[in-house]
Amino acid sequence: MSSLLDQSALTDLAERLVAAARRAGADAADALAVRGVSLAVEVREGAVEESERSEGDDVGLRAFVGRRQAVVSTNDIKADTAELAERAVAMAKAAPEDPFAGLADRGQLARDFPDLDLLDVNLPTVEELEARARRAESAGLGVAGVTTSAGASASAGIGGMVLVTSDGFRGAYLSSGQSVSMTAIAGQGTAMERDYDYSSTVHGADLDSPDKVGRTAGERAVERLNPRKVQTKRVPVVFDRRVAGSLVSQRDQRRRGRAQDEFPQRKARAAAVQAGHPADR
């Protein structure tokens, strides 16, 4: 755990990559180094179905040659920094020019970083995660009308990143997350219905209790039983809280997609006008 919280090695690696890129001929460069560890346990019908632990390191280097740029990445933190830098610079020289490529202006760089309370250093053990998953499943199965479980899981992880640029910026942060979830199945045969609940927070102490998560999943599954057809009519629409949070992001994604679709058309019209040809509006 101490090695995960100590980001000095990642910072040193990022600094060496940026320096190597400059030596290889880059006009500017930045490097991003990421490290994380996660644990997860899934149970189903009272038995552990899967237990997983993952650890990973990733590093990326972006090199700028004029208004050209290229990115290389690797998950081998012991890779030859000079070789990575030379490859990135060679790729940048072959890339097309981008008038917007470049590092942020120095005046836009942050210097003071507030404490956002993003880290819980108390990572639960595999045994604790298993106990949470079992409690969630047991609570779901205890709801009247629930016939079986589609599984319950609990997970936790800590990760961090370091960003270094050739114009003097050094930034880093660590964050954590913990979660518990359960999926319940109610009814019999072709009338079966399923639903779920989950809780996901930065700090383990802020998680909903596994019992509450499992019970809510079971109650939701039972509420879906015996649906009835409603006649066509005008009615108020109330979005479930699990869906409501995604409505804004979906709207923004549609806007970005529409803008991207329209961009080539606007560009073609502008080119036609510049060439002296009429363009449809």
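The values are calculated or read from the model by the stated rules, or taken from the named source; none is laboratory data. Small disclaimer: the values here were computed from a predicted structure and weren't measured. With ideal geometry, Cβ positions are generated from the backbone for all residues, glycine too; neighbour counts draw on all protein chains shown.
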Hey, among 205, 221, 217, which residue is within 26 Å of the chain's Cα centre (by Cα) and either among the aromatic types (Phe, Trp, Tyr) or closer than 15 Å to residue 144 by Cα (or both)? 217
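Rundown of residues vs (1) more than 30 Å from residue 106 (Cβ to Cβ); (2) assigned by TED's automatic domain parsing to the domain that holds residue 94; (3) out of contact with any helix residue (DSSP H, G or I) (no Cβ under 7 Å at 6 or more places or on another chain), yes/no style:
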{"site": "12", "(1), (2), (3)": "no, yes, yes"}
{"site": "15", "(1), (2), (3)": "no, yes, yes"}
{"site": "20", "(1), (2), (3)": "no, yes, no"}
{"site": "28", "(1), (2), (3)": "no, yes, yes"}
{"site": "33", "(1), (2), (3)": "no, yes, no"}
{"site": "43", "(1), (2), (3)": "yes, yes, no"}
{"site": "52", "(1), (2), (3)": "yes, yes, yes"}
Report yes if some residue within segment 96-119 is crowded, with 19+ Cβ neighbours inside 10 Å and assigned to a helix (DSSP H, G or I); otherwise report no. no
Within segment 25-41, take every residue that is of a type in the set (Gly, Ala, Ser) and surrounded by fewer than 23 Cβ atoms within 10 Å (Cβ to Cβ) and give me the one that is farthest from residue 171 (Cα to Cα). 40
Checked segment 40-68 for anything of a type in the set (D, E, K, R), at pLDDT 95 or above and closer than 20 Å to residue 163 by Cα; matches are 62
What pairs come out if I take residues in segment 23-40 that are at positive phi and pair them with residues that are assigned to a strand (DSSP E or B) and surrounded by 20 or more Cβ atoms within 10 Å (Cβ to Cβ) whose C-beta lies under 8 Å away, six or more apart or interchain? 25/65
Quick one: which residue in 144, 156 is assigned by TED's automatic domain parsing to the domain that holds residue 102 and exposed (fewer than 15 other Cβ atoms within 10 Å of the Cβ)? 144
Count of segment 80-94 residues which are crowded, with 16+ Cβ neighbours inside 10 Å and outside any helix (DSSP H, G or I): 0
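For segment 182-198: of the residues being of a type in the set (Gly, Ala, Ser) and touching an Asp or Glu at 6+ places or on another chain (Cβ under 7 Å), which is modelled with the lowest pLDDT? First the steps, then the outcome.
First, pick out the residues of segment 182-198 that are of a type in the set (Gly, Ala, Ser): 184, 186-187, 189, 191.
Next, from what is left, pick out any that are touching an Asp or Glu at 6+ places or on another chain (Cβ under 7 Å): 184, 186-187.
On the way: 184: 97, 186: 97, 187: 93.
Going through the qualifying residues, I end up with 187.
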Would you mind finding the one in 62, 22, 53, 44 that is more than 22 Å from residue 178 (Cβ to Cβ), surrounded by fewer than 22 Cβ atoms within 10 Å (Cβ to Cβ) and of a type in the set (Lys, Arg)? 22
Using beta carbons and a limit of 8 Å, which pairs, at least six apart or on different chains, have the first residue in segment 123-137 and within 13 Å of residue 40 (Cβ to Cβ) and hydrophobic (A, V, I, L, M, F, W, C) and the second one assigned to a helix (DSSP H, G or I) and at pLDDT 95 or above? 133/210
Picked from segment 177-192 (must be over 33 Å from the mean Cα position of the chain (by Cα) and touching a residue at least 24 places away in the same chain (Cβ under 8 Å)), the residue farthest from residue 51 (Cα to Cα) is 191
